[in-house]
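Novice: Supplied in structure tokens, the structure appears directly below.
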Amino acid sequence: MPSPWLFARKSGLYCRVFVPTDLRPTLGQRFLVRALDARDRDQARLIAAHYAVALGDLFRQLRRELSMAEPKVEDIVGTIHSGGTREAITLKGMVLSPGSQPVDVVLDNAKDVKTFKKEFPDAIAAPGGGTGYIPPIPAGGYRLSPEQGVVLSKRMPEFIVKQKEDNRTKKYIDECVRAVAILTDFCGDLPPDDYTPAQVSHFKNRVKWLPRNPDKGEANKKRWGKRTHTQRSAANEISPGAEVISQGTINKHINRLSAVFEFCNGLRYLTLPNPFFQRQSKRSKINGGATNAVAERTHYDMAELEEIFDPTRYKSRKLPHSFWPPFIALMTGARVNEIAQLYLADVVDDDREHPGRWRFMILAKEKDQRVKNISSLRSIPMHPKLIEMGFLTYLEDVRALGYKRVFPTLRHTEASGYGDSVSEFYMTYLREKVGITDPTKVFHSFRYYFCHELFNMSQHERMHIVGMTGHVREGVFERTYAGELNYLKKMDILMKLALPDIKIEPYKAGGFIKYFKHYEANERARLRRKAVKEQKDPEATVKAGAKQVAAESAAGAVKQ
């Protein structure tokens, strides 16, 4: 806080505050002078102290604004020059003469309240008790604009609109909304500037006790469904052996909150530094600088792959979307949703000079397709082992039935695309049938295995490997000029991938026809039941809203 200097002139008492050296070029002067409009030095000191506090806030905001790419300092500079800060005491109808009584006094900080009580003890009354009521001190400091006093939850509708404009996924937006709900539950719903480092630390200390998957499963819903996040955290902390969220989930909450506060910062709703920036928990170090943290995801070893693809056990995989995706993931390293959302048109043999060069095209051409980032757009050669297992025969069956997607019975959700069902079917198989209960081993571990094996092939350049896996390329040359590896280069890399000894019987034509026919019959029956229900309740369409639109399109989904 700058130090105010009091001095007297014939016209009254004044306050002088020196401008910090780094801000003098912007403000164009060395010090600021303001008339205090006070009748005695005690009142003048009180007003001057508040003036200095307000200027300190303005200086801080000015520095913050000057550090931005396109600083907008006119309002701040104008406020400083005009002395337009809030008065230390707003006195309405008050005359400080002997025997007078102050009316409607507003104080803005604890020090002023203490001083006012000392100087005018008779002026203090209980809330609603008449003149002299001093309202609660606001949590935040000086605000240049009323917009900076709007609480965080009120900013979320605008944040959501911006994320949709930026083509963010519904899952990402829901994660941001959930993180803000947890923060406001733990720390209160405050303006962005009012979240202090201490409150962020409190958030981190409480969020780590939140239960894992409180909204999944009947048992969890019954136990946690009606409790607030604060109640969940407190109850879980004292429960022995309670399952809590992972460090990765904690970091994700902090990441999402950081994104929300960056949004507020970009629109000048936040003038302080982002309180969640770089507040993720760092991995602890051990000798040599290695990390001592347990990875959330790890790759399979060869023994585990042999168990997963054991022919006796794997024959229980009787659905197309439970049978094929693990093989595709193992031999391409593709993400679960990249596999689940494949269209028949994405599996191509388009080299006229060299027929038989089948490739998976990881694209986002259809409305229900999406990729993680621009680097994810790529092609991956189809491994000969996958062809040997009859995958092309399966595609012909799907095409003959009139479907457009490789796995046409999967349901699409805005939050997760098509991948949730594939992952859930696989995890049930992995945990219950195979018996691998290591929480770091999941469907994504196929991708980890693929990347790990390729990375350990020292004869291949890194840029060649990321061209297969869809990770971000480094440097202008890789991103702009190098382009994609040709088919032969990629196949050369792919053929060095170590695979387990797969002895599963190849797919035969018509193998899943019975399942598809059964699915179509169930889908028609479901639509008939829905039509009957709507006839009984003519307002069902209005009540259903957006869900009705999805239901009507389901009829067409049978042939997609």
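Bear in mind that the values in this text are calculations on the coordinates, not laboratory data. The model shown is predicted, which means the values in this text are computed figures rather than measured ones. No Cβ is skipped: glycine too gets one built from the backbone with ideal geometry, and neighbour counts run over all protein chains shown.
Novice: Name the residue farthest towards the positive end of the dipole of the stretch 166-255 from the options LEU190, ALA219, SER233, assuming +1 on Cβ of Lys and Arg, -1 on Cβ of Asp and Glu, about the Cα centre.
Specialist: ALA219
Novice: Please identify every one of the trypsin sites (Lys or Arg not before Pro) in the stretch 156-232 that sits in a loop by DSSP and has no more than 12 other beta carbons within 10 Å of its own beta carbon.
Specialist: Details: sites: LYS162, LYS164, ARG168, LYS170, LYS171, ARG178, LYS204, ARG206, LYS208, ARG212, LYS216, LYS221, LYS222, ARG223, LYS226, ARG227, ARG232; in loops: ARG168, LYS208, ARG212, LYS216, LYS226, ARG227.
Sites meeting the loop and neighbour criteria: LYS216, LYS226.
Novice: Let me ask something additional. Going through the cross-link list LYS318/LYS365; LYS315/LYS503; LYS222/LYS441; LYS170/LYS252, which pairs have a Cα-Cα distance over 20 Å in this structure?
Specialist: Numbers: LYS318/LYS365 30 Å; LYS315/LYS503 11 Å; LYS222/LYS441 28 Å; LYS170/LYS252 15 Å.
Beyond 20 Å between Cα atoms: LYS318/LYS365; LYS222/LYS441.
Novice: Efficiency by 1/(1 + (r/R0)^6): what FRET value for LEU401 and MET427, r their Cβ-Cβ distance, R0 = 41 Å, to the nearest 0.05?
Specialist: Working: r = 28 Å, r/R0 = 0.69.
Once the sixth-power term is evaluated, E becomes 0.90.
Novice: Could you sort the peptides 49-57, 239-247 by per-residue average Cβ neighbour count (10 Å cutoff), highest mean leading?
Specialist: Values: 49-57: 20.4, 239-247: 12.0.
Most protected by this proxy first, the peptides run 49-57, 239-247.
Novice: Quote to one decimal, in nm, the extra length available between LYS365 and ASN220 on full extension: 0.36 nm per residue of separation minus the C-alpha distance between them. Show your work: numbers first, answer last.
Specialist: Details: separation 145, 0.36 × 145 = 52.20 nm, distance 3.85 nm.
Additional length available on full extension: 48.3 nm.
Novice: Taking the stretch 302-494 on its own, what percent of its Cα-Cα pair distances exceed 22 Å?
Specialist: Tail of P(r) above 22 Å: 49 percent of Cα pairs.
Novice: Could you tell me which GluC sites (Glu not before Pro) in the stretch 465-518 are loop residues by DSSP with no more than 13 other beta carbons within 10 angstrom of their beta carbon? Write out the running numbers ahead of the final one.
Specialist: Details: sites: GLU474, GLU478, GLU484; in loops: GLU474, GLU484.
Passing sites in the stretch 465-518 are GLU474, GLU484.
Novice: Is there a pair in LYS154/LYS226; LYS204/LYS433; LYS154/LYS208; LYS162/LYS216 whose C-alpha atoms are over 31 Å apart, and which pairs would that be?
Specialist: On the way: LYS154/LYS226 24 Å; LYS204/LYS433 37 Å; LYS154/LYS208 26 Å; LYS162/LYS216 29 Å.
Long pairs (Cα-Cα over 31 Å): LYS204/LYS433.
Novice: Next question, about the same structure. Take the alpha carbon gyration tensor of the stretch 330-441, find the square roots of its eigenvalues, order them as a ≥ b ≥ c, and report rounded if a/c is under 1.5; if not, report prolate when a/b exceeds b/c, else oblate.
Specialist: Details: a/c = 1.61, a/b = 1.39, b/c = 1.16.
Prolate, since a/c reaches 1.5 and a/b exceeds b/c.
Novice: Mind checking which aspartates and glutamates have their Cα closer than 20 Å to the Cα of LYS10? Skip sequence neighbours fewer than 8 apart in that chain.
Specialist: ASP37, ASP40, ASP42
Novice: Order these by the 10 Å Cβ neighbour count, fewest first: HIS354, HIS452, HIS299, HIS383.
Specialist: Working: HIS354 9, HIS452 15, HIS299 19, HIS383 22.
Lowest to highest Cβ neighbour count: HIS354, HIS452, HIS299, HIS383.
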